[in-house]
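**Q** Before we start, here is the structure in question, set down as C-alpha coordinates.
The values are calculated or read from the model by the stated rules, or taken from the named source; none is laboratory data. These numbers were taken from a predicted model, which means no experiment stands behind them. Positions of Cβ are generated from backbone atoms using ideal geometry, with glycine treated the same way; all protein chains shown enter the neighbour counts. In case anyone asks, the SASA skips ligands and DNA or RNA and just uses the protein heavy atoms, side chains included. Shrake-Rupley method; radii C 1.70, N 1.55, O 1.52, S 1.80 Å.
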Amino acid sequence: MKAAYIEETGGPENLKYGDLPDPTPTAGEVLVRVGAVSVNPIDTYVRGGMVPAELPMPFVVGSDLAGTVEEVGEGVTQWKIGDRVWGANQGGHGRQGTSAELACVGGEWLHAIPEGVSDEDAAAVALVGITAHIGLVLRAKVVACETVVVNGGAGGVGSMVVQIAKALGARVIATAGSDERVAKTKAFGADEGINYKTEDVAARVLKWAPEGVDMLWESRRETDFDWAVGLLAKRGRMVVMAGREARPVLPVGALYVKDCSVHGFAMFNYPAAEQRQCGDDLNRWFADGKLEANIDRALPLSEAAAAHRLQEENTIGLAGTLAGKIVLKP
Ligand SMILES: NC(=O)c1ccc[n+]([C@@H]2O[C@H](COP(=O)([O-])OP(=O)(O)OC[C@H]3O[C@@H](n4cnc5c(N)ncnc54)[C@H](OP(=O)(O)O)[C@@H]3O)[C@@H](O)[C@H]2O)c1
(Lines give C-alpha, C1' and ligand atoms only; values in the text may rest on other atoms or scores of the structure.)
Protein backbone atom coordinates (compact mmCIF):
# COMPACT_ATOMS: atom_id res chain seq x y z
CA MET A 1 0.00 0.00 0.00
CA LYS A 2 1.00 3.64 -0.37
CA ALA A 3 1.54 5.34 2.98
CA ALA A 4 2.89 8.51 4.60
CA TYR A 5 5.32 7.30 7.26
CA ILE A 6 8.47 8.06 9.24
CA GLU A 7 11.45 5.89 10.05
CA GLU A 8 12.56 8.25 12.80
CA THR A 9 10.96 11.26 14.46
CA GLY A 10 11.89 14.71 13.18
CA GLY A 11 10.71 17.60 11.00
CA PRO A 12 8.13 17.34 8.20
CA GLU A 13 10.96 16.40 5.83
CA ASN A 14 11.17 13.06 7.69
CA LEU A 15 7.71 12.20 6.42
CA LYS A 16 8.10 9.85 3.45
CA TYR A 17 5.50 8.77 0.93
CA GLY A 18 5.96 5.30 -0.50
CA ASP A 19 5.16 1.60 -0.33
CA LEU A 20 4.71 -0.37 2.88
CA PRO A 21 3.39 -3.94 3.24
CA ASP A 22 -0.42 -4.19 3.49
CA PRO A 23 -1.48 -4.63 7.14
CA THR A 24 -3.46 -7.70 8.22
CA PRO A 25 -6.22 -7.36 10.85
CA THR A 26 -5.57 -9.27 14.07
CA ALA A 27 -8.37 -10.46 16.38
CA GLY A 28 -10.80 -7.61 17.08
CA GLU A 29 -9.43 -5.42 14.28
CA VAL A 30 -10.99 -4.17 11.08
CA LEU A 31 -9.08 -3.50 7.86
CA VAL A 32 -10.29 -0.19 6.41
CA ARG A 33 -9.75 0.94 2.82
CA VAL A 34 -9.05 4.60 3.62
CA GLY A 35 -11.03 7.19 1.64
CA ALA A 36 -9.75 10.25 3.52
CA VAL A 37 -7.73 11.24 6.59
CA SER A 38 -7.35 14.64 8.20
CA VAL A 39 -4.30 16.24 9.77
CA ASN A 40 -4.33 17.18 13.45
CA PRO A 41 -1.72 19.12 15.47
CA ILE A 42 -1.10 15.95 17.55
CA ASP A 43 0.05 14.14 14.38
CA THR A 44 2.77 16.75 13.94
CA TYR A 45 3.83 16.53 17.63
CA VAL A 46 4.08 12.71 17.38
CA ARG A 47 5.97 12.88 14.07
CA GLY A 48 8.30 15.50 15.56
CA GLY A 49 9.03 13.50 18.72
CA MET A 50 7.50 16.27 20.84
CA VAL A 51 5.25 13.93 22.83
CA PRO A 52 6.52 10.78 24.50
CA ALA A 53 5.29 7.84 22.43
CA GLU A 54 6.49 4.36 21.58
CA LEU A 55 6.25 4.26 17.81
CA PRO A 56 6.39 1.03 15.82
CA MET A 57 8.78 1.85 12.92
CA PRO A 58 8.17 2.44 10.10
CA PHE A 59 5.38 4.47 11.68
CA VAL A 60 2.38 5.58 9.64
CA VAL A 61 1.29 9.03 10.88
CA GLY A 62 -2.29 10.15 11.48
CA SER A 63 -5.17 9.78 13.96
CA ASP A 64 -8.35 10.31 11.90
CA LEU A 65 -9.72 8.21 9.09
CA ALA A 66 -12.84 7.53 7.08
CA GLY A 67 -13.32 4.70 4.63
CA THR A 68 -14.84 1.31 3.91
CA VAL A 69 -14.41 -1.99 5.72
CA GLU A 70 -12.40 -4.35 3.52
CA GLU A 71 -11.84 -7.24 5.91
CA VAL A 72 -12.68 -8.09 9.53
CA GLY A 73 -10.45 -9.89 12.00
CA GLU A 74 -11.44 -12.79 14.23
CA GLY A 75 -14.17 -11.97 16.73
CA VAL A 76 -15.39 -8.79 15.04
CA THR A 77 -19.17 -8.90 15.03
CA GLN A 78 -20.22 -5.23 14.88
CA TRP A 79 -18.72 -4.51 11.41
CA LYS A 80 -18.94 -6.27 8.06
CA ILE A 81 -17.25 -5.89 4.69
CA GLY A 82 -18.60 -2.83 2.86
CA ASP A 83 -19.58 -0.81 5.97
CA ARG A 84 -18.54 2.84 5.81
CA VAL A 85 -16.72 3.88 9.00
CA TRP A 86 -14.81 6.71 10.64
CA GLY A 87 -12.39 6.76 13.56
CA ALA A 88 -10.14 9.14 15.46
CA ASN A 89 -7.88 7.25 17.82
CA GLN A 90 -5.03 5.85 15.77
CA GLY A 91 -1.38 6.86 15.74
CA GLY A 92 -0.86 6.62 19.52
CA HIS A 93 -0.74 4.07 22.35
CA GLY A 94 1.48 1.88 20.14
CA ARG A 95 -1.10 1.83 17.34
CA GLN A 96 -0.17 2.55 13.72
CA GLY A 97 -1.67 5.69 12.16
CA THR A 98 -4.11 6.17 9.33
CA SER A 99 -2.30 8.04 6.52
CA ALA A 100 -2.24 5.13 4.10
CA GLU A 101 -4.41 3.31 1.60
CA LEU A 102 -5.21 0.68 4.27
CA ALA A 103 -5.37 0.83 8.07
CA CYS A 104 -6.15 -1.74 10.76
CA VAL A 105 -8.32 -0.32 13.54
CA GLY A 106 -9.79 -1.97 16.64
CA GLY A 107 -13.51 -2.39 15.93
CA GLU A 108 -14.43 -0.63 19.18
CA TRP A 109 -12.86 2.63 17.92
CA LEU A 110 -14.96 2.86 14.75
CA HIS A 111 -18.26 4.68 14.12
CA ALA A 112 -20.64 4.28 11.17
CA ILE A 113 -20.63 7.12 8.61
CA PRO A 114 -24.20 8.44 8.30
CA GLU A 115 -25.79 8.21 4.86
CA GLY A 116 -25.01 11.19 2.66
CA VAL A 117 -21.82 12.14 4.55
CA SER A 118 -18.61 11.97 2.49
CA ASP A 119 -15.39 10.34 3.67
CA GLU A 120 -13.71 13.78 3.54
CA ASP A 121 -16.31 15.32 5.88
CA ALA A 122 -16.31 12.36 8.27
CA ALA A 123 -12.49 12.38 8.52
CA ALA A 124 -12.45 16.15 9.05
CA VAL A 125 -14.93 15.98 11.93
CA ALA A 126 -13.54 12.89 13.67
CA LEU A 127 -10.89 13.88 16.25
CA VAL A 128 -11.92 17.53 16.56
CA GLY A 129 -15.60 16.58 16.93
CA ILE A 130 -14.89 14.05 19.67
CA THR A 131 -12.64 16.58 21.42
CA ALA A 132 -15.35 19.25 21.36
CA HIS A 133 -17.94 16.75 22.58
CA ILE A 134 -15.81 15.57 25.51
CA GLY A 135 -15.10 19.13 26.61
CA LEU A 136 -18.62 20.49 26.26
CA VAL A 137 -20.73 17.49 27.28
CA LEU A 138 -18.64 15.20 29.48
CA ARG A 139 -16.49 17.82 31.24
CA ALA A 140 -18.13 21.28 31.24
CA LYS A 141 -21.65 19.79 31.07
CA VAL A 142 -23.05 22.64 28.99
CA VAL A 143 -26.86 22.71 28.84
CA ALA A 144 -29.48 24.62 26.84
CA CYS A 145 -29.67 28.41 27.32
CA GLU A 146 -26.18 28.68 28.85
CA THR A 147 -23.74 31.19 27.40
CA VAL A 148 -20.51 29.94 25.82
CA VAL A 149 -17.41 31.79 24.58
CA VAL A 150 -15.29 29.96 22.02
CA ASN A 151 -11.88 31.60 21.81
CA GLY A 152 -10.70 30.51 18.35
CA GLY A 153 -14.05 29.56 16.85
CA ALA A 154 -12.91 29.15 13.23
CA GLY A 155 -10.18 26.57 13.95
CA GLY A 156 -10.30 22.79 13.76
CA VAL A 157 -11.59 22.17 17.30
CA GLY A 158 -13.20 25.61 17.77
CA SER A 159 -15.54 25.26 14.79
CA MET A 160 -16.81 21.99 16.27
CA VAL A 161 -17.26 23.61 19.70
CA VAL A 162 -19.37 26.39 18.14
CA GLN A 163 -21.64 23.92 16.34
CA ILE A 164 -21.99 21.44 19.21
CA ALA A 165 -22.68 24.19 21.73
CA LYS A 166 -25.45 25.43 19.40
CA ALA A 167 -26.78 21.88 18.99
CA LEU A 168 -26.96 21.70 22.80
CA GLY A 169 -29.06 24.86 22.79
CA ALA A 170 -26.44 27.26 24.16
CA ARG A 171 -25.93 30.91 23.16
CA VAL A 172 -22.49 31.22 21.57
CA ILE A 173 -20.03 34.04 21.05
CA ALA A 174 -16.88 33.14 19.08
CA THR A 175 -13.59 34.90 18.38
CA ALA A 176 -11.39 34.62 15.29
CA GLY A 177 -8.34 36.32 13.83
CA SER A 178 -9.89 38.05 10.79
CA ASP A 179 -13.26 39.39 9.67
CA GLU A 180 -13.58 36.51 7.17
CA ARG A 181 -13.04 34.00 9.98
CA VAL A 182 -15.50 35.82 12.21
CA ALA A 183 -18.03 35.43 9.39
CA LYS A 184 -17.14 31.74 9.26
CA THR A 185 -17.92 31.28 12.97
CA LYS A 186 -21.31 32.87 12.36
CA ALA A 187 -21.94 30.57 9.42
CA PHE A 188 -21.26 27.71 11.85
CA GLY A 189 -24.00 29.12 14.07
CA ALA A 190 -22.31 31.55 16.49
CA ASP A 191 -24.77 34.21 17.67
CA GLU A 192 -21.99 36.81 17.84
CA GLY A 193 -18.46 36.97 16.46
CA ILE A 194 -15.45 39.03 17.56
CA ASN A 195 -12.22 39.76 15.68
CA TYR A 196 -9.65 39.19 18.46
CA LYS A 197 -7.01 41.13 16.51
CA THR A 198 -8.99 44.35 16.14
CA GLU A 199 -11.58 44.32 18.95
CA ASP A 200 -11.58 44.26 22.76
CA VAL A 201 -12.84 40.72 23.34
CA ALA A 202 -13.51 41.15 27.09
CA ALA A 203 -15.54 44.34 26.55
CA ARG A 204 -17.63 42.72 23.81
CA VAL A 205 -18.25 39.54 25.81
CA LEU A 206 -19.28 41.43 28.96
CA LYS A 207 -21.59 43.66 26.94
CA TRP A 208 -23.22 40.50 25.54
CA ALA A 209 -23.33 38.70 28.92
CA PRO A 210 -23.04 41.36 31.67
CA GLU A 211 -22.93 38.76 34.49
CA GLY A 212 -20.20 36.78 32.70
CA VAL A 213 -20.50 33.57 30.69
CA ASP A 214 -21.24 30.03 31.84
CA MET A 215 -18.47 28.43 29.86
CA LEU A 216 -15.29 29.53 28.06
CA TRP A 217 -13.43 27.28 25.61
CA GLU A 218 -9.77 28.16 25.10
CA SER A 219 -8.14 27.03 21.82
CA ARG A 220 -4.84 28.82 22.39
CA ARG A 221 -1.75 26.99 23.57
CA GLU A 222 -1.14 29.62 26.25
CA THR A 223 -4.19 31.09 27.91
CA ASP A 224 -4.49 34.16 30.12
CA PHE A 225 -6.38 33.05 33.21
CA ASP A 226 -6.79 36.61 34.54
CA TRP A 227 -8.62 37.46 31.33
CA ALA A 228 -10.59 34.20 31.14
CA VAL A 229 -11.68 33.99 34.80
CA GLY A 230 -12.71 37.64 34.53
CA LEU A 231 -15.20 36.63 31.84
CA LEU A 232 -16.78 33.76 33.78
CA ALA A 233 -20.09 34.04 35.60
CA LYS A 234 -20.68 32.40 38.99
CA ARG A 235 -20.22 28.64 38.60
CA GLY A 236 -18.59 29.28 35.23
CA ARG A 237 -16.46 26.55 33.68
CA MET A 238 -13.43 26.88 31.49
CA VAL A 239 -11.93 24.24 29.20
CA VAL A 240 -8.20 24.10 28.46
CA MET A 241 -6.87 21.39 26.15
CA ALA A 242 -3.70 22.74 24.52
CA GLY A 243 -0.20 23.95 25.41
CA ARG A 244 1.82 21.20 27.11
CA GLU A 245 4.61 23.67 27.95
CA ALA A 246 2.31 26.53 29.05
CA ARG A 247 2.74 27.87 32.60
CA PRO A 248 0.26 30.77 32.89
CA VAL A 249 -0.56 32.26 36.31
CA LEU A 250 -3.88 31.18 37.84
CA PRO A 251 -5.77 33.84 39.85
CA VAL A 252 -6.98 31.44 42.54
CA GLY A 253 -9.01 34.01 44.49
CA ALA A 254 -10.92 35.29 41.49
CA LEU A 255 -11.65 31.68 40.51
CA TYR A 256 -12.93 30.21 43.78
CA VAL A 257 -14.96 33.15 45.05
CA LYS A 258 -17.15 32.69 41.95
CA ASP A 259 -17.29 28.87 42.35
CA CYS A 260 -15.60 28.51 38.94
CA SER A 261 -13.69 25.49 37.66
CA VAL A 262 -11.08 24.73 35.00
CA HIS A 263 -11.32 21.46 33.07
CA GLY A 264 -8.31 20.03 31.25
CA PHE A 265 -8.42 16.83 29.24
CA ALA A 266 -6.83 14.89 26.39
CA MET A 267 -9.21 13.00 24.12
CA PHE A 268 -6.83 10.04 23.75
CA ASN A 269 -7.35 9.31 27.48
CA TYR A 270 -11.04 8.57 26.93
CA PRO A 271 -11.86 4.88 26.49
CA ALA A 272 -13.76 3.60 23.48
CA ALA A 273 -16.99 3.15 25.48
CA GLU A 274 -17.09 6.86 26.43
CA GLN A 275 -16.14 7.94 22.91
CA ARG A 276 -19.03 5.83 21.59
CA GLN A 277 -21.43 8.35 23.18
CA CYS A 278 -19.52 11.18 21.45
CA GLY A 279 -19.60 9.38 18.09
CA ASP A 280 -23.32 8.62 18.38
CA ASP A 281 -24.16 12.28 19.12
CA LEU A 282 -21.87 13.55 16.34
CA ASN A 283 -23.52 11.17 13.88
CA ARG A 284 -27.00 12.29 14.96
CA TRP A 285 -26.07 15.97 14.52
CA PHE A 286 -24.40 15.15 11.18
CA ALA A 287 -27.58 13.41 10.00
CA ASP A 288 -29.77 16.28 11.27
CA GLY A 289 -27.65 18.84 9.39
CA LYS A 290 -26.46 20.44 12.65
CA LEU A 291 -22.81 19.58 12.10
CA GLU A 292 -20.69 20.58 9.15
CA ALA A 293 -17.06 19.77 8.44
CA ASN A 294 -14.64 22.70 8.44
CA ILE A 295 -12.26 21.82 5.61
CA ASP A 296 -9.68 24.41 4.61
CA ARG A 297 -8.24 22.29 1.80
CA ALA A 298 -7.96 18.73 0.47
CA LEU A 299 -4.65 17.40 -0.85
CA PRO A 300 -3.40 14.06 -2.19
CA LEU A 301 -1.79 11.85 0.49
CA SER A 302 1.51 12.18 -1.38
CA GLU A 303 1.59 15.78 -0.06
CA ALA A 304 1.48 14.71 3.59
CA ALA A 305 4.83 16.36 4.40
CA ALA A 306 3.66 19.72 3.02
CA ALA A 307 0.40 19.32 4.95
CA HIS A 308 2.28 18.71 8.21
CA ARG A 309 4.46 21.76 7.57
CA LEU A 310 1.38 23.92 6.97
CA GLN A 311 -0.38 22.60 10.09
CA GLU A 312 2.72 23.24 12.21
CA GLU A 313 3.25 26.74 10.81
CA ASN A 314 -0.26 27.57 11.93
CA THR A 315 -0.78 25.76 15.25
CA ILE A 316 2.68 26.58 16.58
CA GLY A 317 3.84 29.41 14.33
CA LEU A 318 0.43 31.19 14.29
CA ALA A 319 0.91 31.97 10.58
CA GLY A 320 -2.81 32.54 10.04
CA THR A 321 -2.77 30.75 6.67
CA LEU A 322 -5.08 27.88 7.65
CA ALA A 323 -8.68 28.02 8.87
CA GLY A 324 -9.91 24.49 9.43
CA LYS A 325 -8.81 21.02 8.55
CA ILE A 326 -6.41 19.72 5.94
CA VAL A 327 -7.86 16.54 4.42
CA LEU A 328 -5.54 14.06 2.70
CA LYS A 329 -6.79 11.59 0.10
CA PRO A 330 -4.94 8.32 -0.64
N1 LIG B 1 -6.53 17.95 24.44
C2 LIG B 1 -7.01 17.39 23.34
O3 LIG B 1 -7.60 16.30 23.38
C4 LIG B 1 -6.84 18.08 22.03
C5 LIG B 1 -7.53 17.63 20.89
C6 LIG B 1 -7.39 18.36 19.70
C7 LIG B 1 -6.56 19.45 19.65
N8 LIG B 1 -5.87 19.81 20.77
C9 LIG B 1 -5.00 21.01 20.75
O10 LIG B 1 -5.84 22.14 20.61
C11 LIG B 1 -5.18 23.16 19.89
C12 LIG B 1 -6.09 23.62 18.75
O13 LIG B 1 -6.23 22.55 17.84
P14 LIG B 1 -6.90 22.82 16.43
O15 LIG B 1 -6.89 21.54 15.69
O16 LIG B 1 -8.18 23.54 16.59
O17 LIG B 1 -5.82 23.80 15.80
P18 LIG B 1 -6.04 24.96 14.74
O19 LIG B 1 -7.02 24.51 13.71
O20 LIG B 1 -4.67 25.36 14.34
O21 LIG B 1 -6.75 26.14 15.55
C22 LIG B 1 -6.07 27.02 16.40
C23 LIG B 1 -7.06 28.08 16.81
O24 LIG B 1 -6.43 28.98 17.73
C25 LIG B 1 -6.91 30.28 17.41
N26 LIG B 1 -6.02 31.30 17.95
C27 LIG B 1 -4.69 31.46 17.73
N28 LIG B 1 -4.26 32.58 18.38
C29 LIG B 1 -5.33 33.11 19.02
C30 LIG B 1 -5.53 34.25 19.85
N31 LIG B 1 -4.52 35.05 20.17
N32 LIG B 1 -6.78 34.46 20.34
C33 LIG B 1 -7.80 33.64 20.04
N34 LIG B 1 -7.69 32.55 19.25
C35 LIG B 1 -6.46 32.30 18.75
C36 LIG B 1 -6.96 30.29 15.90
O37 LIG B 1 -7.76 31.37 15.47
P38 LIG B 1 -7.58 32.08 14.02
O39 LIG B 1 -7.22 31.01 13.03
O40 LIG B 1 -8.92 32.68 13.75
O41 LIG B 1 -6.51 33.11 14.19
C42 LIG B 1 -7.57 28.93 15.64
O43 LIG B 1 -8.97 28.99 15.74
C44 LIG B 1 -3.86 22.57 19.40
O45 LIG B 1 -2.82 23.05 20.22
C46 LIG B 1 -4.05 21.08 19.56
O47 LIG B 1 -2.84 20.40 19.81
C48 LIG B 1 -6.00 19.16 21.94
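**Q** At 1.4 Å probe radius, can you tell me the per residue accessible area of the chain in Å²?
**A** Heavy-atom accessible area per residue stands at 42 Å².
**Q** Could you state how much accessible area ASP22 has, in square angstrom rounded to the nearest 10, with a 1.4 Å probe and all protein chains kept in place?
**A** Accessible area of ASP22: about 90 Å².
**Q** Where Lys and Arg each count +1 and Asp and Glu each count -1, what net charge lies around VAL125 among other residues with Cβ under 12 Å from its Cβ?
**A** -4
**Q** Starting with the highest mean, order 25-34, 100-109 by the number of other Cβ atoms within 10 Å, averaged over the residues of each peptide.
**A** 100-109, 25-34
**Q** Shifting gears a bit: As a check on your grasp of the helix formula, calculate [θ] at 222 nm for the chain: sum -39500 (n - 2.57) over DSSP H runs of n ≥ 4, divide by the residue count, round to the nearest 500.
**A** Taking each H run of at least 4 residues, the total per residue is -8000 deg cm²/dmol.
**Q** Also, quick follow-up: Taking 2.2 N^0.38 Å as the expected size of a compact globular protein, what ratio does the Cα radius of gyration of the chain give against it, to two decimals?
**A** Relative to the rule-of-thumb radius for its length, the chain sits at 0.98.
**Q** Just need log10 I(q)/I(0) for segment 1-130 at q = 0.10, 0.14, 0.16 Å⁻¹, Debye formula, equal scatterers on the alpha-carbon atoms, no solvent, rounded to two decimals.
**A** -0.28, -0.55, -0.72
**Q** May I pose another question? Could you name the aspartates and glutamates whose alpha carbon sits less than 17 Å from that of LYS258, not counting residues in the same chain fewer than 8 places away?
**A** Candidates past the 8-residue exclusion: GLU146, GLU211, ASP214, ASP226.
**Q** Considering only MET238, GLY94, THR24, whose Cα is most displaced toward the positive end of the charge dipole of the chain, charges sitting on Cβ of Lys, Arg (+1) and Asp, Glu (-1)?
**A** Looking along the dipole axis, the top candidate is MET238.
**Q** Just want to confirm a number: the relative contact order over segment 176-292, from Cα pairs under 8 angstrom separated by 6+ residues, in percent.
**A** RCO, segment 176-292: 18 percent.
**Q** Follow-up question, since we're still on this one. Residues with beta-carbon under 15 Å from that of MET241, excluding MET241: net charge, scoring Lys, Arg +1 and Asp, Glu -1?
**A** With Lys, Arg at +1 and Asp, Glu at -1, the net is +2.
**Q** Cross-link candidates for LYS329: which lysines have Cα within less than 18 Å, leaving aside residues fewer than 8 places away along the same chain?
**A** LYS2, LYS16
**Q** Something else now. Any lysines with Cα under 20 Å of the LYS325 Cα? List them, leaving off those in the same chain fewer than 8 positions away.
**A** Those lysines meeting the cut-off are LYS184, LYS186, LYS290.
**Q** Apply the membrane-span-like helix rule to the chain: whole DSSP H runs, Cα extent along the own long axis of at least 18 Å, mean Kyte-Doolittle hydropathy at least -0.5. List the helices found.
**A** The qualifying helices are 119-133.
**Q** Would you work out which of GLY155, LEU168, PRO251 lies farthest towards the positive end of the dipole of the chain? Charges go on Cβ: Lys and Arg +1, Asp and Glu -1.
**A** The residue sitting most towards the positive pole is PRO251.
**Q** Could I ask something else about it? Please build a GNM for the chain, connecting alpha carbons under 10 Å apart, and tell me which residue among GLY153, GLY73, GLY320 fluctuates the most.
**A** Taking springs between Cα atoms under 10 Å, the residue moving most is GLY320.
**Q** Right, here's the next one. What percent do you get for the relative contact order of segment 123-163 when only Cα pairs under 8 Å and 6+ apart count?
**A** Value for segment 123-163: 48 percent.
**Q** What Kirkwood Rh does segment 216-330 have if only Cα atoms enter the pairwise 1/r average? Answer in Å.
**A** 17.2
**Q** Next question, about the same structure. Mind giving me the nanometre distance, one decimal, between the label points for GLU245 and GLN277, set 7 Å out from Cα along Cα→Cβ?
**A** Going from the GLU245 label point to the GLN277 one covers 3.6 nm.
**Q** Continuing with this model, one more query. Count charges around GLY49 for me, please; just the other residues with Cβ under 14 Å from its Cβ, Lys/Arg as +1, Asp/Glu as -1.
**A** Value of the local net charge: -4.
**Q** With +1 on each Lys and Arg Cβ and -1 on each Asp and Glu Cβ, and nothing else charged, work out how big the dipole of segment 243-330 is about its Cα centre, in Debye to the nearest 20.
**A** For segment 243-330, the charge dipole is close to 80 debye.
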